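These notes concern the structure reproduced below.
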Amino acid sequence: MSAPDNTSVVGLGEIRVSKGADDVLVCLGLGSCVALCYHDPVAKVSGMAHIVLPSSEGRTLTAPGKFADTAVPALVEAMTKAGGLKSRLQVRIAGGAQMTMASEASGIFSIGISNIEATKSALRRAGLRVAAEDTGGSAGRTVRLAARSGEVVVNTSMSSTHSL
Amino acid sequence: MADPLMEPLSESDMEAWAQVSGAGMANALRGLSKMLGQEIATGVVSTRRVPLMEATELLGGPEAATAAVYFALSGDAQGHMVLVYVPEVAFELVDMAMGDPPGTTKDLGEMERSVLGEVGNVMGGYFLQTLGDTSGMSLRMSPPAVMMDMAGAIIDAVIADIMVFSDEVVVVETEFGTDQRRVHGTFLVMPSPTLIRGLSKSRRAA
Amino acid sequence: MAKILIVDDAAFMRMKTTKLLAENGYDVVEASNGAEAIDAYKRTKPDCVLLDITMPDMDGLTALKELRQIDPEARVTMLTAMGQQSIVLDALKSGAKDFIVKPFDSARVLAAVQKMIA
């Protein structure tokens, strides 16, 4: 990946937290996956999780970031360790597309909708409100989170760019 | 009792899969040659296990512009099949199948998508025929789903489906193409462990 | 002029088959799924049908059974992908006259059509 040095790629199921002045966290090429973004504007800390599936279904986990229900609290914990405060967290989410509607293949491709729903309900359970979102649709997304400012920028493959 | 899906595949399972899927790939390319009316050569067929975290690299990296045709496999066992092309190559393939001069196709409309879907139907059908003949398993493929987007976006729902029971995926992949007109594509098959075990078992029985 | 109904969800396959049949003097009606096929059959009363097996919504086998209910004399040839032998056997039991495996060659399609309308 030809990302600049201050960019950290958050891979499938990973959780990363950053507070460096020029640091950027990025989820590349999201389809059904969801980028969960937290930012604490006072501590100037940001965190990102790359959610793949809606529910851990009670499994013992090596990577809590994989599942919506476990990623939401795990990212809170990681933010807290880095000096963030849960009550100050701004939450943004992006992703959860359904890349094809082709009938018999759409079973697995509808996972994006479940991911979004599960992420939102886990956030509600945690008492966190979604400040902004760019979800659903049928186009892939790359999501960048600027650690210091908390700005979230979404690129779709069809080359539109916008901030959340 | 451990979940049989979680048990690792044995070396002999992997060997059986390599042999049968290699023959299946060769048959798939015969189908494509017949459809296009010209000889399509296949590259090295490689069978390996790939950590799911790295699976998008099979398609050129998460942000790579990709045209892909996806099929769900069902029946006696499950799995996924994906034909992967750089968009320009997919356009080239459409030109070949339609008998148009190179450079005619510039985007994927309904007609172009159905061409790529049909190429997939033929290759996938020939591949499954080899698997079925060898194992006696009955395997069906879904109608094709044609997508053009970032590779990661196309494949992450498939990865999610596999991640429910595994952290790695078994793939067989090959490149194919002609010398005169560049139509290099990658044919990826991701079988469920049940499918591989089924093949392995039928070979031991034979 | 004999009238032939082509049923395939793939626009490319309809185009290729229509072109071939039109060039050989047949009148062609197209449908892109099972439901459209039933409707077109009732409306246009074709002499025979080329029917794809794998289609979304209503698959070819289901459409075949419905066609044969509407018209027990319906003459239908199935278009199949490789590896669908069990469905082909079902189709033949359900009254299909013949089947053609894709990718098909022109001579084979014309022969199947001639046999059906003979």
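Coordinate-derived values only; no laboratory data. Just so you know, these numbers come straight off a predicted model, no measurement behind them. Here the Cβ positions follow ideal geometry from the backbone for every residue, glycine too, while neighbour counts run over all protein chains shown.
Data table
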read-out	value
Residues that are over 11 Å from B:T174 (Cα atoms) and surrounded by fewer than 18 Cβ atoms within 10 Å (Cβ to Cβ), drawn from the range B:38-52	B:Q38, B:E39, B:R48, B:R49, B:V50, B:P51
One residue from C:L50, C:L61, C:L20 being in contact with a Ser or Thr (Cβ under 8 Å, 6 or more places away or on another chain) and part of a strand (DSSP E or B)	C:L50
Residues within the range B:33-46 that are in a strand (DSSP E or B) and among the β-branched types (V, I, T), tallied	1
Filtered residues of the range A:107-139 (kept if over 14 Å from B:Y70 (Cβ atoms) and within 14 Å of chain B (Cβ to nearest Cβ))	A:G112, A:I113, A:S114, A:N115, A:I116, A:A118, A:T119, A:D134, A:T135, A:G136, A:G137, A:A139
Some residue of the range A:90-106 being more than 9 Å from chain B (Cβ to nearest Cβ), surrounded by 15 or more Cβ atoms within 10 Å (Cβ to Cβ) and assigned to a helix (DSSP H, G or I)	no
Single match in B:T186, B:T174, B:T194 (criterion: closer than 15 Å to B:V89 by Cα and either in a helix (DSSP H, G or I) or more than 14 Å from every other protein chain (Cβ to nearest Cβ) (or both))	B:T186
One residue from B:M141, B:M148, B:M123 being in contact (Cβ under 8 Å) with a residue 40 or more places away in the chain and over 27 Å from B:T47 (Cβ atoms)	B:M148
Residues located in the range A:8-27, provided they are within 13 Å of chain B (Cβ to nearest Cβ), touching a residue at least 60 places away in the same chain (Cβ under 8 Å) and either among the β-branched types (V, I, T) or touching a Gly at 6+ places or on another chain (Cβ under 6 Å) (or both)	A:V26
Residue check for B:V119: surrounded by 24 or more Cβ atoms within 10 Å (Cβ to Cβ) and more than 7 Å from every other protein chain (Cβ to nearest Cβ)	yes
Among the candidates B:V164, B:V169, B:V158, residue that is within 14 Å of chain A (Cβ to nearest Cβ), surrounded by fewer than 19 Cβ atoms within 10 Å (Cβ to Cβ) and β-branched (V, I, T)	B:V164
Some residue of the range B:25-37 being more than 14 Å from the chain's Cα centre (by Cα), within 30 Å of C:R108 (Cα to Cα), buried (at least 17 other Cβ atoms within 10 Å of the Cβ) and of a type in the set (A, V, I, L, M)	yes
Members of the range C:75-101 that are in contact with a Leu (Cβ under 9 Å, 6 or more places away or on another chain), without any contact (Cβ under 8 Å) to a residue 24 or more places away in the chain and closer than 20 Å to B:G75 by Cβ	C:M82, C:G83, C:F99, C:V101
Test: residue in the range B:47-57 that is closer than 22 Å to B:D133 by Cα, within 14 Å of another protein chain (Cβ to nearest Cβ), among the hydroxyl-bearing types (S, T, Y) and in a helix (DSSP H, G or I)	no
B:L108 among the hydrophobic types (A, V, I, L, M, F, W, C), within 14 Å of chain A (Cβ to nearest Cβ), touching a residue at least 40 places away in the same chain (Cβ under 8 Å) and in contact with a helix residue (DSSP H, G or I) (Cβ under 8 Å, 6 or more places away or on another chain)	yes
All positions within the range C:3-14 that are surrounded by fewer than 21 Cβ atoms within 10 Å (Cβ to Cβ) and more than 7 Å from chain B (Cβ to nearest Cβ)	C:K3
Residue match in the range C:32-42 (condition: aromatic (F, W, Y) and assigned to a strand (DSSP E or B))	no
Condition met for C:E30 (out of contact with any Leu (no Cβ under 9 Å at 6 or more places or on another chain) and without any contact (Cβ under 8 Å) to a residue 60 or more places away in the chain)	no
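Residues are listed down the side, and each one gets a yes or a no for (1) touching a residue at least 40 places away in the same chain (Cβ under 8 Å); (2) touching a strand residue (DSSP E or B) at 6+ places or on another chain (Cβ under 9 Å); (3) more than 22 Å from B:M141 (Cβ to Cβ):
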site	(1), (2), (3)
B:R48	yes, yes, yes
B:E57	no, yes, yes
B:F71	yes, yes, no
B:Q78	yes, yes, no
B:P87	yes, yes, yes
B:A90	yes, yes, no
